[in-house]
1. Please state which of the following conditions S20 fails to meet, knowing it meets all the rest: (1) in a loop (DSSP other than H, G, I, E, B); (2) open to solvent by less than 80 Å² (accessible area, probe 1.4 Å); (3) of a type in the set (S, T, Y).
2. For V47, are the conditions met, namely being of a type in the set (V, I, T) and loosely packed, with under 13 Cβ neighbours inside 10 Å?
3. Return the residues of the stretch 43-54 that are in contact (Cβ under 8 Å) with a residue 12 or more places away in the chain and either under 14 Å from M82 (Cα atoms) or not aromatic (F, W, Y) (or both); say none if nothing qualifies.
4. So if I check each of D72, D89, which one is within 12 Å of S16 (Cα to Cα) and within 15 Å of the chain's Cα centre (by Cα)?
5. Applying the selection to the stretch 9-37, what residues are under 14 Å from E88 (Cβ atoms) and under 11 Å from the mean Cα position of the chain (by Cα)?
6. So which of S70, S104 is among the hydroxyl-bearing types (S, T, Y), open to solvent by less than 60 Å² (accessible area, probe 1.4 Å), in a strand (DSSP E or B) and under 10 Å from R33 (Cα atoms)?
Amino acid sequence: VQLQASGGGLVQSGDSLRLSCRGSGRTFSSYARAWFRQAPGKEREFVAVMSSWGRTTLYSDSVKGRFTISRDNAVNTAFLQMNSLKPEDTAVYYCAADRRNRGSSVAEDYDYWGQGTLVTVSS
């Protein structure tokens with residue numbers, strides 16, 4: 001059972017990127033799906049979460065209005081559309097899944113984690 005994150009890269013300030021997180025080994029449709037990030041020298045922080053079947057979403061204040069989380073349960077994948085990227089968005093982005101579907105912003109509530117994908121935004 002694993003989550004595989006992809007889509008990171010080097011972009012310029014103001015650009016967009018779309019991250020993907022594909023699940024394998026089990027169906028994640030009943031799980032909350034989330035994104036966290038960790039910048040160099042900083043702790044991991046919450047970015048966004050979507051409950052199972054997309055009923056509710058939650059975003060951190062730092063990305064609200066710029067990032068959009070979505071999911072396609074048919075292909076067991078969650079997405080993070082990132083627009084108007086800023087240098088402070090530079091981080092390794094991790095996807096996560098919570099079997100209890102809590103829609104939580106707390107990393108400890110998540111059962112499965114992807115390996116991370118690096119996003120670098122230059123000014």
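1. (1)
2. no
3. Within the stretch 43-54, R44, E45, V47, A48, V49, M50, S51, S52, G54 qualify.
4. D89
5. R37
6. Only one candidate qualifies: S70.
Here's the yes/no breakdown for (1) of a type in the set (G, A, S); (2) open to solvent by 40 Å² or more (accessible area, probe 1.4 Å); (3) without any contact (Cβ under 8 Å) to a residue 24 or more places away in the chain:
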| residue | (1), (2), (3) |
| --- | --- |
| D15 | no, yes, no |
| T27 | no, yes, no |
| R37 | no, no, no |
| T56 | no, yes, no |
| R66 | no, no, yes |
| Q81 | no, yes, no |
| T90 | no, no, no |
| R100 | no, yes, no |
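The values are calculated or read from the model by the stated rules, or taken from the named source; none is laboratory data. Bear in mind that the values here come from a model prediction, so they are computed numbers and not experimental data. When we count neighbours, we look across all protein chains shown, and the Cβ atoms used for this are built from the backbone with ideal geometry, even at glycine. Note: accessible area is taken over every heavy atom of the protein model, side chains too, but ligands, DNA and RNA are not part of it. Shrake-Rupley method; radii C 1.70, N 1.55, O 1.52, S 1.80 Å.
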